[in-house]
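Report on one structure; see the data block that follows.
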Amino acid sequence: MSAYIISLATTGVIFSIVALGLNVRWGWAGEFDIALFAFVAIGAYSYSVFNLPPSTLPYPAGYILGLNAPFWLSMIGAMVVSGILSAAVGALALRKLRDDYFGITTLAFALVLTLIIGQDTTLFGGFEGVYGMVQPFSNLEPFGSDGGYFLAMCVVVLVIVFLVLNWLYKSPFGRAVRSVREDETASQAFGRNVYLLKLKAYVLGGCVAGLGGALLAAYITSFNPYAWTPQETFLIYAALFVGGTGNAIGAIFGTFFVFVFIQEITRYMPTIGDNASSPDALRLIAIGALIVAILWFRPQGVLPEPRAKDVEDTAETPVAPEVQVTSG
Amino acid sequence: MGEPSGTALLEVDSVIRSFGGVQAVNGATFSVREGSLTGLIGPNGAGKSTMIDLISGFQSPDSGTIRFAGKEIGGMPAYKVSNLGLMRSFQTPREWPGLTVMENMLLSFPIRNRESIWRGLFTRKSLKAAEREDRVVARTLLDHFGLLRLKNEPAGTLSGGQKRLLEFARLAAARPRMILLDEPQAGVNPVLRVRMGELIRDMVNDGATVVMVEHNLPFVERLCDTVIVMALGRCLATGTMSELRAHKEVIDAYLGGVEGVA
């Protein structure tokens, strides 16, 4: 395997985990969350400061903790921190606000956090960022230095996340969360604490996003304060829209389509004039056009949310004579 | 007053609720006996729907008390009221449109204790077994309401009448102690209306106490033991329909009220 293919696959797998996190928030609970990437950033930062030794950066640059924790413990720590901060943001934003107002509040949080990360050098390492982690398994021959074993670990994590979320999706908890997405008032009328269900979904999604962030930091072995723009969240929405909101397989497919296929195909677009950044701009235009096209022609995405089939365990009972019901 | 037999399950006392300058409910007082089928009638703007919202917790009273089974529920969040066994329907049926008819049923059983993340991950076997029983009951109910062949369809694709039947099937699955029906006849065709009457009777025969807001007075007369008349946010009179017909104030409120509606 060439290092190039491995790097593409690793990116796709890590962003798939992030997309699964957004799928819990937006796909299950219908929360129009714009802060998702902030929790990826929080996960990445937490992983970095758990994993690194104490800061030796010259003042005013620096970072907190520096626990020298093993990578797996740092990953768990990143999930916990992202989950706790999700609970704090969600508790505020979900209490009284609906839909777009909720979205605006999460956008504000994401912008504020981006500014803090960019400005607070003693916490976030300043211009250079927080760096110097060792990629897990990179010393392991023969495939470690190419990132082969790390990719394998990311795939294992993706499979675990996928299975756990799939169990929850089908469980009474997942069904109750989806009922809130469909009609909040009806859920209240049937005894659901809508606020608490939304908050649980928000925290669950935040934990998964934080885990994705941890893997991202472990992969690129640094935390760059300037890499976390709220714009990234919309790319993950694009991936969900393409793949099929609410469908976990669709989320993974959409992620590979947007973050690998589109990303790579636009690499070969010619630069316009002598503007070196035009391929980047064209990529965003292509993704924007893709969102519009998908929402226009196939709003349910390539793989729509699966419909829960009720199958009787015993032999099929004969269908009872129907009561004639005409539309009211 | 209605027959004295049976204890009051619901007691509404001097409840006031205003929106800006409009007093939607203005000192309403009445009670509902356990096991009765009570009609709540009155001209448009009398405050009936607001009353339903106040009792079910979707709005909070400005003042006054609402007691259900001896417990004060005024201002309690709707989901808590529902979990106490006091449930409601809406003028337009509210199903979960993107979920299947069967999922709508499964969500209606009183199973809040099963909806934890922990149980969803670590007790999947026992959850499955418990749900298998619910599914059997749900199929029987759907069959009874003529919806069984639609069990795997999204509930949003049902017709208006079918949605109303699904709402009744969900209430039957929930088996609450008290049910508030907000205009169950709204948007229902004449053939189904007759059936709706029987189904509402079934609810009472199964042990539920039912309060029904309804504009169709012959329907109310045929079905209800007791009728409460509201006008201008107050409770005017309580009694059987024939008693109320002799009530001068009620006739005035109804006929006068229709002209006075804004």
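Every number in this text was worked out from the coordinates using simple rules, so none of it is lab data. These numbers come from a predicted model, not from an experiment. Every residue, glycine as well, gets a Cβ built from its backbone with ideal geometry; the counts of neighbours run over all protein chains shown.
Odds and ends about this structure:
- Counting only residues that are within 15 Å of A:Ala251 (Cβ to Cβ) and either of a type in the set (Lys, Arg) or buried (at least 19 other Cβ atoms within 10 Å of the Cβ) (or both), segment A:158-173 holds 5 of them.
- Subset tally (residues that are facing chain A (nearest Cβ under 7 Å), within 20 Å of A:Arg192 (Cβ to Cβ) and among the acidic types (Asp, Glu)) for segment B:95-147: 3
- Residue-level check: of (1) crowded, with 24+ Cβ neighbours inside 10 Å; (2) not in a loop (DSSP other than H, G, I, E, B), A:Thr11 misses just (1).
- Matching residues in segment A:219-236 - criterion: being of a type in the set (Ser, Thr, Tyr) and buried (at least 21 other Cβ atoms within 10 Å of the Cβ): A:Tyr219, A:Thr233
- Helices (runs of 4 or more DSSP H) wholly inside segment A:100-187 containing at least 1 residues that are more than 14 Å from chain B (Cβ to nearest Cβ): A:121-124, A:148-170
- Pairs, first acidic (Asp, Glu) in segment B:71-89, second buried (at least 20 other Cβ atoms within 10 Å of the Cβ) and in a strand (DSSP E or B), C-beta under 8 Å, six or more apart: B:Glu72/B:Ile66
- Of the set (1) surrounded by fewer than 21 Cβ atoms within 10 Å (Cβ to Cβ); (2) in contact with a strand residue (DSSP E or B) (Cβ under 9 Å, 6 or more places away or on another chain), all apply to B:Ile179 but (1).
- Residues within segment B:53-110 that are at positive phi and either basic (Lys, Arg) or out of contact with any strand residue (DSSP E or B) (no Cβ under 8 Å at 6 or more places or on another chain) (or both), tallied: 3
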